[in-house]
Amino acid sequence: MTAQDIVVSSPPPLARKPTTKALQGTTDTHFHIFESTETYPLSPTRMYDPALSTVDDYRAMAQTVGIDRMVVVQASIYGTDNRCLVDSIERLGVKNTRGIAVVDQSITLNALRDMDRRGVRGIRFNAITGRTPIEWLPALAKMIEPLGWHIQLWTNSARLLEIGHILNDVPLPIVLDHMGQFPAAEGVQGNQFQNILRLMKDDRFWIKLVGYRVSKAPPAFEDIREAAKVLVSVAPEHCLWGTDWPHIYLEGRPMPNTTELFETVDSWLSPAEAGRVFVQNPARLYGFG
């Protein structure tokens, strides 16, 4: 990819106080931090340039929305250089912060153990903007299994149908990013969404109700409301929520407001469901006290 092909992301709008107060222990399971490129150089194979979105910027947003716990996800623009990730965990505080790293097959057990001590709890396979082949999954899963980590998988739902034989052999928890990236136009009866439901009936699978990248109907996202409610009904103990702040690489989608994303998902959930999705489920998966 040439410099002319790299997408330049805009900064997110400032959050505001939500109309409904977030529950104590509300957890953002998916966001990224982008600090100075002089300190943390970008990968030459990246697909976008992020707007500066620092730990201080994130902390201000989290305090405004009411987020108490958080999970930093390694962004593809850093490749397998996880320094910004682990430094961000430390600055945000490892008591209430976890991380998801990106590694390749050269990773050593000692390096994984060091990241574990610093709050990392899983590795991400990004088949959308990243360069981690899903075919590496079985070997890397074996390496992280002794640590009690999990796999985070971002791929589209058509690819999920193709890699079932790979996923079947992975004994670890597998978290599907972005509601499984299914085609919203096909609805909940579509073959690809039905496959996601089949996976969610397996206790290994978790899913993030981060759907604005799936929806074609912003800002209310009504075209994915039914899908979210079905997922929660099928797997109430395995649904998670995240902001996806600072909303990078939107591919023509309008920039969402983080508070409105929280309010939308909250409006889809009963009080009991909200307690599980925002607090209890992430506490179990990521090991928050």
### Pick from segment 236-289, criterion over 30 Å from Ser10 (Cβ atoms) and acidic (Asp, Glu), ranking: surrounded by the most Cβ atoms within 10 Å (Cβ to Cβ)
Glu273
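Yes/no per residue for (1) aliphatic (A, V, I, L, M); (2) touching a strand residue (DSSP E or B) at 6+ places or on another chain (Cβ under 9 Å):
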site	(1), (2)
Ile151	yes, yes
Trp154	no, yes
Arg159	no, no
Glu162	no, no
His165	no, no
Leu172	yes, yes
Leu176	yes, yes
Gly180	no, yes
### segment 121-142 residues that are within 15 Å of Ile163 (Cα to Cα) and in contact (Cβ under 8 Å) with a residue 24 or more places away in the chain, paired with ones that are in a strand (DSSP E or B) and basic (Lys, Arg) (beta carbon under 9 Å, 6 or more apart)
Thr132/Arg124
### Message
Suppose we filter segment 16-48 for residues that are within 15 Å of Gln74 (Cβ to Cβ) and free of Cβ contacts under 8 Å to residues at least 12 places away in the same chain; how many remain?
### Response
0
### Qualifying positions in segment 245-266 - part of a loop (DSSP other than H, G, I, E, B) and not hydrophobic (A, V, I, L, M, F, W, C)
Pro246, His247, Tyr249, Glu251, Gly252, Arg253, Pro254, Pro256, Asn257
### Query
Just one of the numbered conditions (1) crowded, with 16+ Cβ neighbours inside 10 Å; (2) under 30 Å from Gly190 (Cβ atoms); (3) over 20 Å from the mean Cα position of the chain (by Cα) is not true of Met143; which one?
(2)
### Query
Which of the residues spanning segment 184-233 are touching a residue at least 24 places away in the same chain (Cβ under 8 Å), among the acidic types (Asp, Glu), surrounded by fewer than 16 Cβ atoms within 10 Å (Cβ to Cβ) and closer than 21 Å to Leu261 by Cβ?
Glu226
### Task
For segment 52-59, state whether one or more residues are surrounded by 22 or more Cβ atoms within 10 Å (Cβ to Cβ) and in contact (Cβ under 8 Å) with a residue 24 or more places away in the chain.
yes
### Query
Taking interchain pairs and intrachain pairs at least six residues apart, which have beta carbon atoms under 6 angstrom, with the first residue in segment 78-96 and within 15 Å of Arg121 (Cα to Cα) and modelled with pLDDT of 95 or more and the second assigned to a helix (DSSP H, G or I) and of a type outside the set (D, E, K, R)?
Ser88/Val55
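The values are calculated or read from the model by the stated rules, or taken from the named source; none is laboratory data. Since we're looking at a predicted model, the values are computed, not measured. In this analysis, Cβ positions are derived from the backbone assuming ideal geometry, glycine residues included, and neighbour counts consider all displayed protein chains.
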